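The values are calculated or read from the model by the stated rules, or taken from the named source; none is laboratory data. Keep in mind the model is a prediction, meaning the values are calculated, not measured. Ideal geometry is used to build each Cβ from the backbone, glycine not excepted, and the neighbour counts take in all protein chains shown. Surface areas here come from the heavy atoms of the whole protein model, side chains and all, with no ligands, DNA or RNA. Shrake-Rupley method; radii C 1.70, N 1.55, O 1.52, S 1.80 Å.
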Amino acid sequence: MSVSDLVESAFSGSSESGKTFGIRSDLLERFIKTIRRDLRAKIGFLVVALFGLSAIFAPMLAPYDPMSQQFPILMPPDPLSANPLGTDSFGRDLLSRLMYGARISLAVGLGAVTFGAVLGILIGLFAGYYGGYIDDLLMRAVDVMWAFPWLLIAIMLVAIFGQGFWNVMVAIGFAYIDDFARLARGEVLAIREEEYTMAAKSVGLEDYEIIFEEVFPNTVAPLIVQFTIFTARAILAESTLSFLGLGVKPTTPTWGALLGQGRGFITQAWWISIIPGIAIMVTVLGINLFGDALRDAFDVKETGQT
Amino acid sequence: MSSQFESSVTDTTGGQSAESGGEPLLSAKGLKKHFPVEQSFLDRLFGDDEWVHAVDGVDLTLAERETLGVVGESGCGKSTLGRTLSRLYEPTAGTIHFDGEEISDAEGDRLKALRKDVQVIFQDPLSSLNPRKTVGEIVGKPLAVHDIATGEAKDERVAELFEEVGLSPDLRDRYPHEFSGGQRQRVGIARALAVEPKLIIADEPVSALDVSVQAQIINLMKRLQQEYGLSYVFIAHDLSVVRHVSDRIAVMYLGKIVEEGPTHDIFEAPAHPYTKSLLAAIPSITGEMGRRTVHLDGNPPSPIDPPSGCPFHTRCPEYIDEECEADEPALQPVEQSAESDPERHRSACHWNDRDEADRAAQSPYGNDVGG
């Protein structure tokens, strides 16, 4: 039983031929191929799958209720005991809290980047494709966003709209709009010079069809890398906001909140902060490796052996 | 199949051909395309505009089933002319008539209908094919866009088109990077052919290819012209390439046509000093005795700030006097030799109004260029 078998069985039976936004369906095959031949891609996929699944199935998998204060406080990690990762200052099981925390942290992380990516990429595509005044208008607006420190914007947005899952997600994602816009625009500027956009026009495609069918699929590779890097960053950002007490909700277990709660006990009970810290680090690394594999899968010129 | 297209094309125009002298398929009058020079935000705000005069007043006509070769140095505006004629660029000024209709301001449905009748073949066959689409998708796209065929009918038509341009239909699921340059250009031709256009604007279709492949592509284009009754505007920087395909040739310099005429006349009896220098630049294997080579110095002047008077006066080996700098010569009929047709051979040079003997005395080409 190897990793590649696992991956293949996970995806078996889903090779229909259809396309979304000009992105090919054989993407999946390429992706599996990449994971098969690349150790780093395997590691990335495993880490993302492990954390993702434990987040999704936390209510079934977690040994205890993350809020229940039923154990002795500040128990150190002991793999053989009832609390393999120890307990916190209220006697709550850290493993359960970590699994539930993954739900919020990963969801906010992915959601925030998706929000920033969708808006940013749209701005970048239109600014780059049309140029001129549209470009000036959109990109100057983006520059204004860029001029503010993200934390300040996030704190301001949370202060105005209040805490909560969606608000925190938007507050974090807002800061990524400009990066995605700038990257997408740069790609479009290069692709606009390629004759196939002219050819698409001469074939009779409308501007929006050219943007989404011809231009966008060719900007995807660097955007995917950006997406994964920023997902990692967004998880850290959520941790930062939770640490400052501006996160989802003070009592909700998220990785950042766990880390923050442990700081008062760092000398007596290091595990309360360190374990969520390690979880964040491993996830961030795993997502980056996963993103590299995804980017390779998007490269149609990648023929097999590397 | 091909004969069917042929007849349908001729039917719609009442069987006119290059020889009949009827209404041309394509004609442009005073066509201009100027581009704004890339400027900073502030310059644009204060309206300090500079313009590249890429195409600067071009008149031309093209008859049904005719091939017009457009030649000139890089940067003379020939590609821009092609893209403006096909309405890929908006003309800055002037009119374009296609098939009896004014198309320089066509929009929406009319523009889409035009896209079906006028197709473009591009210079760089790799750059003109989307690297993320299979060649089958690329060739099938125009069929879907113009509701010509869908589903199985589309697949069949794509296979036919592949065969028509000399590619195996089995290759249709491959990506452009898996093909050679010549094969890619065949894909580009198949895409242009898919909508059964009346006019194809070929923008240096062979200049990125090996010489041996150039001949194959040119022969393919000639065969397709016969079969489908196509008209071509064939853009190239190489006179020897256009010689084989063109019925007529237009020579461009700095956004203007400086000489035009039947291919034979242009080669055997060129009238404009610029055409002569282009012809002199064609390498010769035999090394004809007595042929004088004249090299043009430097680069063409900037199209941002074109010279006054005749655009060629700054480099002209047959420069006359101040008139060249003051007045722009108009294209006018010239009679170069007994067999040339003065109605069709025109040139824009002040020598046209002067004494031929004086010219022969001064010209570095002597009296018998090309003859």
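Entry comment: accessible area of region B:2-246 is 41 Å² per residue, from protein heavy atoms only and a probe of 1.4 Å. Scaling against 2.2 N^0.38 Å puts the C-alpha radius of gyration of region B:2-246 at 1.04.
With both labels modelled 7 Å from their Cα along Cα-to-Cβ, the A:L244 to B:T61 distance reads 7.4 nm. The calculated pair-distance distribution of the protein assembly as shown uses every alpha carbon pair, bins of 10 angstrom beginning at 0, and gives 3, 13, 19, 18, 15, 12, 9, 6, 4, 2, 0, 0 percent. As a calculated quantity, the FRET efficiency between A:A159 and A:D299 at R0 = 60 Å, using C-beta atoms, amounts to about 0.90.
Give me the accessible area buried between chains A and B, both sides summed, with a 1.4 Å probe, in Å² rounded to the nearest 100. Working shown, then result.
Working: alone 15780 and 17570 Å², together 30710 Å².
Heavy-atom accessible area buried at this interface is about 2600 Å².
DSSP loop (so not H, G, I, E, B), at most 11 other Cβ within 10 Å: list which GluC sites (Glu not before Pro) in region B:34-129 pass both filters. Within region B:34-129, the qualifying GluC sites (Glu not before Pro) (loop, at most 11 other Cβ atoms within 10 Å) are B:E38, B:E107. Amide H contacts of B:I249: B:G69, B:G261, B:T263, each under 5 Å away and 5 or more positions distant or on a separate chain (H built 1.01 Å from N in the peptide plane; Pro and chain starts excluded). For B:V120, the residues whose amide H sits under 5 Å from its own are B:I201, ignoring neighbours fewer than 5 places away on the same chain, with H placed 1.01 Å from N. Distance between the modelled labels on A:E29 and B:E268, one decimal in nanometres: 5.9 nm (7 Å Cα→Cβ projection).
Couplings 3J(HN,Hα) of region A:273-290, computed from phi: 8, 5, 5, x, x, 5, 4, 4, 4, 4, 4, 4, 4, x, 5, 4, 5, 4 Hz, in residue order, whole Hz [Karplus 6.51 cos²θ - 1.76 cosθ + 1.60, θ = phi - 60°; x for Gly and Pro]. If the segment from A:L151 to A:L80 were pulled out straight at 0.36 nm per residue, it would be longer than the present Cα-Cα gap by 21.5 nm.
Three semi-axes describe the equivalent ellipsoid of chain A; taken as square roots of 5 times the Cα gyration tensor eigenvalues and ordered largest first, they are 40, 26, 13 Å. When the solvent-accessible area of the protein assembly as shown is split by element, carbon and sulfur atoms take up 56 percent of it, the probe being 1.4 Å.
Averaged over its residues, chain A has an accessible area of 47 Å² per residue, based on protein heavy atoms and a 1.4 Å probe. Set the Förster distance to 35 Å, then compute FRET efficiency between B:A153 and A:V282 from the Cβ-Cβ distance, nearest 0.05. Plugging the Cβ-Cβ distance into 1/(1 + (r/R0)^6) gives 0.05.
Considering only A:N83, B:V258, A:S239, and ranking their Cα positions along the charge dipole of the protein assembly as shown that arises from unit charges at the beta-carbon of Lys, Arg, Asp and Glu, the one farthest toward the positive end is A:N83. Whole-Hz Karplus values for region A:77-83 come out as x, 8, x, 9, 8, 5, 10 Hz, taken residue by residue from phi with 6.51 cos²θ - 1.76 cosθ + 1.60 and θ = phi - 60°; glycine and proline positions read x. Counted residue by residue at 0.36 nm each, then reduced by the alpha carbon distance between them, the extension gain from B:A144 to B:F35 reaches 36.0 nm.
Near the amide H of B:E50, within less than 5 Å, lie the amide hydrogens of B:V37, all on another chain or at least 5 residues away, with H placed in the peptide plane. Work from the charge dipole of the protein assembly as shown (Cβ charges, +1 for Lys and Arg, -1 for Asp and Glu, about the Cα centre) and give the residue of A:L189, A:M145, B:L68 farthest towards its positive end. Ranked along the dipole, the leading option is A:M145. Determine which residues of region A:170-192 fall in the zone a paramagnetic label at A:R140 would reach in this model, i.e. backbone nitrogen under 17 Å from the point 7 Å along Cα→Cβ. Zone members listed by number: none at all. Between A:V47, B:S128, A:I210, the Cα set farthest toward the positive side of the dipole of the protein assembly as shown (charges on each charged residue's Cβ, about the Cα centre) is that of A:V47.
Normalised by 2.2 N^0.38 Å, where N is the number of residues, the alpha-carbon radius of gyration of region B:121-265 equals 1.09. Overall, region B:48-169 carries a charge dipole of about 460 debye about its Cα centre when +1 sits on the Cβ of Lys and Arg and -1 on the Cβ of Asp and Glu, all other atoms neutral. Under 15 Å of direct C-alpha separation, and excluding same-chain neighbours fewer than eight residues apart, A:K33 reaches these aspartates and glutamates: A:D5, A:E8, A:D292, A:D296, A:D299, A:E302.
Too long at a 23 Å Cα-Cα cut-off: which of B:K33/B:K112; A:K201/B:K78; A:K201/B:K154; B:K133/B:K222; B:K222/B:K276; B:K116/B:K256?
Over 23 Å Cα-Cα: B:K133/B:K222; B:K222/B:K276; B:K116/B:K256.
The modelled label-to-label distance for the pair B:I282/A:D207, using points 7 Å beyond Cα in the direction of Cβ, is 4.4 nm. Evaluating 6.51 cos²θ - 1.76 cosθ + 1.60 at θ = phi - 60° for every residue in region B:94-111, the Karplus couplings come out as x, 10, 10, 10, 10, 6, x, 10, 6, 10, 5, 10, 5, 9, x, 5, 5, 5 Hz, glycine and proline recorded as x. Taking Cα centre as origin and charging only the Cβ of basic (Lys, Arg, +1) and acidic (Asp, Glu, -1) residues, the dipole magnitude of region B:2-246 rounds to 380 debye. As a ratio to 2.2 N^0.38 Å, the alpha-carbon radius of gyration computed for region B:204-259 takes the value 1.19. Using only side-chain charges placed at the Cβ, +1 for Lys and Arg and -1 for Asp and Glu, the dipole size of chain A relative to its Cα centre rounds to 920 debye. Exposure check, 1.4 Å probe, all protein chains in place: A:S105 carries approximately 0 Å² of accessible surface. Here r is the Cβ-Cβ distance between B:Q216 and A:I274 and R0 is 56 Å; the resulting FRET efficiency, rounded to 0.05, is 0.20.
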